[in-house]
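The structure appears right after this line, and notes come after that.
The values are calculated or read from the model by the stated rules, or taken from the named source; none is laboratory data. None of the values given here were measured: they were computed from a predicted structure. Methodologically, a virtual Cβ is constructed for each residue, glycine included, from the backbone with ideal geometry; neighbour enumeration extends over all protein chains shown.
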Number of protein chains: 2
Amino acid sequence: MKEITIQSPLDMHLHLRDEEMLKLVAPLTAETFAGAVIMPNLVPPVDNLDSLHAYKERITAAQGEHKFTPYMAMFFRDYTEAELAAAKEHMIGIKLYPAGATTNSEAGVKAIDAVEPVFKMMEEMEIPLMVHGETHGFVMDREKEFLASYEYLAKKFPKLQITMEHITTADAVDLMGRYENLRATVTLQHLIITLDDVAGGLLNPHLFCKPIAKRPEDREALLQAALAANPSLMFGSDSAPHPLSKKECCGCAAGVFTAPLALPRLAQLFDDHGKLDNLQNFISGNAQRLYGLTPLEKKVTLKKTPSQVPAAYEGFGQHVVPMHAGEELPWSVTEIN
Amino acid sequence: MKEITIQSPLDMHLHLRDEEMLKLVAPLTAETFAGAVIMPNLVPPVDNLDSLHAYKERITAAQGEHKFTPYMAMFFRDYTEAELAAAKEHMIGIKLYPAGATTNSEAGVKAIDAVEPVFKMMEEMEIPLMVHGETHGFVMDREKEFLASYEYLAKKFPKLQITMEHITTADAVDLMGRYENLRATVTLQHLIITLDDVAGGLLNPHLFCKPIAKRPEDREALLQAALAANPSLMFGSDSAPHPLSKKECCGCAAGVFTAPLALPRLAQLFDDHGKLDNLQNFISGNAQRLYGLTPLEKKVTLKKTPSQVPAAYEGFGQHVVPMHAGEELPWSVTEIN
């Protein structure tokens, strides 16, 4: 039976939420991943050391006995040098959501201009920057329009490590290769789906996420980069649980929940394309090198034997529908050490 | 107070459904429109004279006392000459759903090849053809990919009157002007929304329709053609009621319900752009000329005084959420004669 053992798989972009939802989903990632970058977009956001410590404690309590490191990210704001210095050793980087960026890339850069002193300090202190790179333009153009801002930052701050989070376009894949300090994460779903799967048949709220899935040629470029374990590309699930009531409703929340099935589904994808050997670097090696991480030792064995994706994950009063709900996957996690 | 009186407004593409839903929605169109082209996509489809007569009777019974003509369309299939001859005087045309068309336009034309004898008879008998022009390709490309099939038909059957139903792209607007026998309908929503309104913020099932709303430049081209009362363009609401349970759900049905508010919303749109004078031709004149119709006389007066769109239309056990549900529109229908 075909199998592969992954050393210390890492999820470089993860939403664990808080309270009861955190209790439900944290163990689902902690079971099979050695570590994950935890997004700070709680309400209020994690933008100070106290809330970071407190959130990390809640995560550690929720993850159970699993070997797992939550790599904490802080929410970008106009931090002082003292704040950054104090926070540096407790976090993996700072996540920027460009609320001020507008529809065209020039205005996007201008908005980013205003916080350049923070970027400068981050560059000097070697604190990585993670960016949700979308403008407020037309939904299919938002990422492409933001690329000029990425390029501006990459050139202006050549030692600032910049991660283009959850890229979705062929243009972003192309840009990622052009600057040494510009790397990217990509989700599971963006390797598999296009806008067709969200809105081409019936509307599918469970595959609705931001950035929205794009065109077939975009998916193909992302997939080829992942299968090749492109050295600038890391796996980041962006797994984002929402209660069912926020998904099957009028005005559905954005986010796909993939954490519990990410490893077997990725094994399937890489195996289907004869690239299983590249999975280790895509799911851990690249991130270790790019972020200088030494994750917990954890060996996850995957075999080509069927596993069943539950229709929903339930507990703590929560009910979350995963991607591939109710489907059988050809690969399974069979051993974790 | 600004006002306009429309003579015999026509909706050249309408879904009335059947049974209880028909009873709810038929009067909502019949009240303000003088006539409408009734889509034949029931289950089973309206594809013989018996079912056409029976459906027309059910519509007439449901529409109430309103002055209103249902112009019946038949569902395209491999009709014999005798069938076409018998049906001709009872219908306005035949509606083709290209189930066999595939992802590229060449294959689309090939699929259409197989039924060319029917087109030939329709051309000779002067029976108009109405087409849902989408391939099975990527959702944003389906209409554009089908345009080659329209062009092929327009050239091969120069006397066949072809209506490109519910066009959504700038490319279709451009094509419509290039062949004398190629005309089009456009919906209300495609003059107003883009994909942004469906999936750019939260997912909005009530604005999800097929063809899906496209890019801003597409909406702009459609709007300019409508405002100019382009002589090849007719209003066809494609108003498509679905019960709430089929809209706010996992896997939502496609269709926007606009019939009851179409006239005041169109008056608003044309007035906003200083083109009220062109509304008559867009909403009736062009259709009368292109189809050779002499509709029932009906005068509908619209004034710039606010009207309220209900949160839902209810009755006969049905519950349908319209576009602009719960919003106030600046224009109202004030008189119908």
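Being in a loop (DSSP other than H, G, I, E, B), away from chain A (no Cβ under 14 Å) and over 23 Å from residue B:289 (Cα atoms), is that true of even one residue in region B:207-224? Lay out the reasoning, then the answer.
Looking only at region B:207-224, we keep the residues that are in a loop (DSSP other than H, G, I, E, B), and these are B:208-215.
Checking the rest, the ones that are also away from chain A (no Cβ under 14 Å) come to none.
The answer is no, given that none of the residues of region B:207-224 is in a loop (DSSP other than H, G, I, E, B), away from chain A (no Cβ under 14 Å) and over 23 Å from residue B:289 (Cα atoms).
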Criterion (closer than 23 Å to residue A:165 by Cα and not in a loop (DSSP other than H, G, I, E, B)) met by exactly one of A:54, A:26: A:26
Yes or no: region A:185-201 includes at least one residue that is under 20 Å from residue A:263 (Cα atoms) and assigned to a strand (DSSP E or B). yes
Tell me which of these residue A:12 doesn't satisfy, since it passes every other one: (1) touching a residue at least 24 places away in the same chain (Cβ under 8 Å); (2) part of a helix (DSSP H, G or I). (2)
Please list, ordered by first then second residue, the pairs with beta carbon atoms under 9 Å, 6 or more apart or interchain, first in region A:135-161 and more than 24 Å from residue A:218 (Cα to Cα), second among the polar types (S, T, N, Q). A:157/A:181; A:158/A:181; A:159/A:181; A:160/A:181; A:161/A:181
Report yes if some residue within region B:304-313 is touching a residue at least 24 places away in the same chain (Cβ under 8 Å) and touching a Leu at 6+ places or on another chain (Cβ under 6 Å); otherwise report no. yes
In region A:155-174, which residue that is of a type in the set (A, V, I, L, M) and crowded, with 23+ Cβ neighbours inside 10 Å is farthest from residue A:121 (Cα to Cα)? A:173
Can you tell me which of (1) surrounded by 24 or more Cβ atoms within 10 Å (Cβ to Cβ); (2) part of a loop (DSSP other than H, G, I, E, B); (3) touching a Gly at 6+ places or on another chain (Cβ under 9 Å) is the one residue A:237 doesn't meet? (3)
Region A:53-91, subset in contact (Cβ under 8 Å) with a residue 40 or more places away in the chain and acidic (Asp, Glu), residue nearest to residue A:122 (Cα to Cα): A:81
Kindly indicate whether any position in region A:267-275 is closer than 16 Å to residue A:28 by Cβ, in contact (Cβ under 8 Å) with a residue 40 or more places away in the chain and surrounded by fewer than 23 Cβ atoms within 10 Å (Cβ to Cβ). no
Return only the number of the condition from (1) over 26 Å from residue B:37 (Cβ atoms); (2) modelled with pLDDT under 95; (3) among the polar types (S, T, N, Q) that residue B:308 does not satisfy. (2)
